[in-house]
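Below is one structure, written out as structure tokens; comments come after it.
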Amino acid sequence: MKLQLDKAAGFNAFTAYGDGYVSVNAVRHTGNIVVLPDRIIPGWTQSNSESLALADFEWLATLDDVILILGTGRTQRFPPPELLRPLLQTGRSLEIMDIPGACRTYNILTNEGRHVAAALLID
């Protein structure tokens, strides 16, 4: 599905998503990815929503103060609560959504000037 939005100049935005991919600034990505307004980090984990590990969330906790969105594929899947400890220790919250919801929410928050990161598990 293509996304239409008034993109803030110079910021990364999701422009499409579908089975097994997302597009950022019209560039297709088929692997797990973290997208921030000013950078893209491909391959942040090799895990899927069932195999996420504490180390995955420890890495996410190192990102600058951001609103963190976790896109868990075609459906919303919640990680075990014990994995969220690194985020709680840094005072960060985590919004968990399916990929379409994560892409749309990221774009809206970015256009509002919010510092947001979308960590997506592409399935």
Item to complete: May I ask you to verify whether V66 is at negative phi, among the aliphatic types (A, V, I, L, M) and at pLDDT below 95?
Response: yes
Practice prompt. With the condition kept exactly as written, say whether any residue in the range 101-112 is more than 14 Å from the chain's Cα centre (by Cα) and within 25 Å of G10 (Cα to Cα).
Written response: yes
Fill in: Filter result (modelled with pLDDT of 95 or more and among the aromatic types (F, W, Y)) within the range 1-44
F14, Y17, Y21
Fill in: Candidate set: the range 47-65, residues that are out of contact with any helix residue (DSSP H, G or I) (no Cβ under 9 Å at 6 or more places or on another chain) and under 19 Å from V22 (Cβ atoms); chosen: the one surrounded by the fewest Cβ atoms within 10 Å (Cβ to Cβ)
N48
Worksheet item: Taking the range 102-113 on its own, how many of its residues are surrounded by 15 or more Cβ atoms within 10 Å (Cβ to Cβ) and not hydroxyl-bearing (S, T, Y)?
Response: 6
Practice prompt. Mind listing whichever residues of the range 46-59 are closer than 28 Å to E112 by Cα and either of a type in the set (D, E, K, R) or part of a loop (DSSP other than H, G, I, E, B) (or both)?
Written response: D56, E58
Practice prompt. Mind listing whichever residues of the range 68-99 are open to solvent by 30 Å² or more (accessible area, probe 1.4 Å), outside any loop (DSSP other than H, G, I, E, B) and either among the polar types (S, T, N, Q) or touching a residue at least 40 places away in the same chain (Cβ under 8 Å) (or both)?
Written response: Q89
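Take V116 and tell me if it is open to solvent by less than 50 Å² (accessible area, probe 1.4 Å) and at pLDDT below 95. Please lay out each step first, then the result.
On the way: open to solvent by less than 50 Å² (accessible area, probe 1.4 Å): yes; at pLDDT below 95: no.
So V116 fails the test.
Hey, could you check the range 10-39 for residues that are among the aliphatic types (A, V, I, L, M) and closer than 19 Å to G113 by Cβ and say which is surrounded by the most Cβ atoms within 10 Å (Cβ to Cβ)?
If we filter the range 10-39 for residues that are among the aliphatic types (A, V, I, L, M), which is where we start, we get 13, 16, 22, 24, 26-27, 33-36.
Narrowing the set further to residues that are closer than 19 Å to G113 by Cβ leaves 13, 24, 35-36.
On the way: A13: 20, V24: 21, V35: 29, L36: 19.
Going through the qualifying residues, I end up with V35.
The values are calculated or read from the model by the stated rules, or taken from the named source; none is laboratory data. Since the model is a prediction, treat every value here as computed from it, not as a measurement. So basically every Cβ, Gly included, is an ideal-geometry build from the backbone, and we count neighbours across all protein chains shown. Heads up: the accessible areas ignore ligands, DNA and RNA and are worked out on the full protein's heavy atoms, side chains in. Shrake-Rupley method; radii C 1.70, N 1.55, O 1.52, S 1.80 Å.
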